[in-house]
Every structure is written in structure tokens, then in C-alpha cells.
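First the structure, in the form of C-alpha cells, and then the observations on it.
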Amino acid sequence: MRGIGKIKIDKNPVKYNLHHGLPAVGTWMSTCSPVSAEIMANIGWDWVVVDVEHSPVGFETMVNCFRAIQLGGAAPMARVPWNDTIWIQRTLDAGAMGLVVPMVNNVEDAKHAVSNMKYATVGQRSFGGSRISSYIEGDYYTWAQENIAVIVMIETAEAVENAEEILAVEGVDGCFIGPNDLMLSMGLTREQTGPGSPHEAAIMRVLEAGKKVGTAVGKHCWDPAEVNRRIEQGFQFLALNSDAAFMTREARAQFSQLKLDGVPRGAGGSKSLY
């Protein structure tokens, strides 16, 4: 009995877009819920990243989020906690079609990330298969070497200085600018960011480095207008908010419309509700 069958993946749409000058737009998962991951993937994003660096998600839950994202039709990806061999290799084996690697500050950091995401003779990824291999069109080893998306994070002043050299490393498919950590690294406050600021100048410097060496540049964005503006500027790997941000914004917007003036709310201190 065949059942309903399964979809075979012939290429990674994220890597395809980045190498063909097209935007790849996605969002972040931080609520650690496979159900939320499936809902978000169904929206139509090119990719959904499970944030393993700044969320309490566990490894098995991450795997189930990958399944849900794949089912919803987006490319499952993750931001690993660090540029670490064990985390990178285990997360790829769990079914990620690409990784966002944080705090890549120089050429050596970039080469380390690439090496752990490529099999020999290009890299040092150990061959143990992958959960996603049965969904791949053809041989997983060959597919992975050609399709796993290597996205390095440029999020410090040091990384900005080294951006051109980092983005020229063979095997790096794109970079992702972390605006908050970059802000902190530059000794700035949120009020000191935005158009005309040194922070914005640093972001554009990375973009120009990417254009010079032919490697895609991306950034986390806070609203659709910024995504559209960044695409016009030439950015490609773009994230719009996160599942938690979307939920919070909509909940606040609807809550603000309730007519609750003078109505007690909350648990009333320690008094029981029952």
C-alpha cells in the first residue's frame, strides 16, 4: 500500500534564490512549538528558521519543528547556538536544509562553519545520513554538498571590518546581519540606529562587500516596509519578525480594542479565582 505518498525535494529553494540574485524571505521560530512551525510555514515563506540560540527549544522539539516546516512547504533551517562542530553536524542530520551560524567574525570562523557543513573532501562533516534523506530526490550525499545553505552571521564591528574576506570564503552562500548584536558591538543604543547612523552605514558596508564578491547578504527586519526596502537595496536573505512577535503584535492590537475601563483584570494578587 502506498498511502498518500510523499514529496521529493530536488533542490533547496533558499540556496537557489541566493545564487540567482533572488530574495529568499522567511521568519524566525522562537516559541518552540511544532504546531506554530507548521502554521507559519503554510503562510508562504521560502524558509523558516528554528532559533536554537535564543530560545529554550530542545533538540527533539527542534526536529519536530523541522518536520512541521517541511510539511507546511517551507525550507526547514536553524540558527545553531554557536559555530560548533557537534551542534552543526547534529542539526544537519536532524533535517535542516541550511544553517545560520552566529558570531562569524573572520575568515577562520567562516571556514570552520563551511567545513562542518560539507562532507569530505571539501569539509569534515561526518557521514551518518540525515532524517531528511528519504525525502531527497537522488543521493543525499550529493544533494547535501550542492544544496545545504551556509549562512554566516555578521553581527560585530570586527565582522563588518572583515566582511569582504568572510563573504569570499568558498562555500559561504550568504550572510545574515544581526542588527541588535551589531548595535551592542558598536557601543550604540537603539536610538542611535536607523537612517544616517553609523549602524546603518555598517549594514550598507556589508551589503557592498557582498555585491563585490558576489555573495548574498541578508538581515533581520522589523516590518514589511523594511523587507521591501532592503530587497530594493539588493539584500536577499531576509527575515521578517518571528512567530512570537507576530502573536504579540496581534494580541496587543486586539486587546487594545476591548472596552475594559474600570473592569478588574488579572488574578487580583494571591486571591484564588475559584
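Readers should treat all values here as calculations from the given coordinates under stated rules, not as data from a laboratory. Because the structure is predicted, anything quoted here is derived from the model rather than measured. FYI the Cβ positions are ideal-geometry reconstructions off the backbone, even for glycines, and counts take in every protein chain you see.
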Give a quick list of chymotrypsin sites (Phe, Trp or Tyr not before Pro) in region 155-248 that DSSP marks as loop, anything other than H, G, I, E or B, with at most 16 other Cβ atoms within 10 Å.
-> TRP222
Dipole magnitude of region 15-242 about its Cα centre (Cβ charges: Lys, Arg +1; Asp, Glu -1), debye to nearest 20 = 300 debye
Taking a temperature of 10 °C and a viscosity of 1.306 mPa s, what whole-number D in µm²/s does Stokes-Einstein yield for region 91-243 with Rh from Kirkwood over alpha carbon pairs?
-> 98 µm²/s
Correct response: the longest run of the chain lacking exposed GluC sites (Glu not before Pro), defined by DSSP loop and at most 11 other Cβ within 10 Å, is 1-136
Taking H placed 1.01 Å from N in the peptide plane, check which residues at least 5 places from VAL217 or on another chain put their amide H under 5 Å from its amide H.
-> CYS175, GLN236, PHE237
Compute the length gained on full extension between GLU226 and SER197: take 0.36 nm times their separation in residues and subtract their Cα-Cα distance, giving the result in nm to one decimal.
-> 8.8 nm
Unit charges at the beta carbon, dipole of the chain: most positive-side option, MET77, ALA216, HIS19 | MET77
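Give me the tail of P(r) for the chain as a percent: Cα-Cα pairs with distance above 29 Å.
It works out to 34 percent of all Cα pairs.
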For region 15-242, what's the relative contact order in percent, using C-alpha pairs closer than 8 Å and at least 6 residues apart?
-> 19 percent
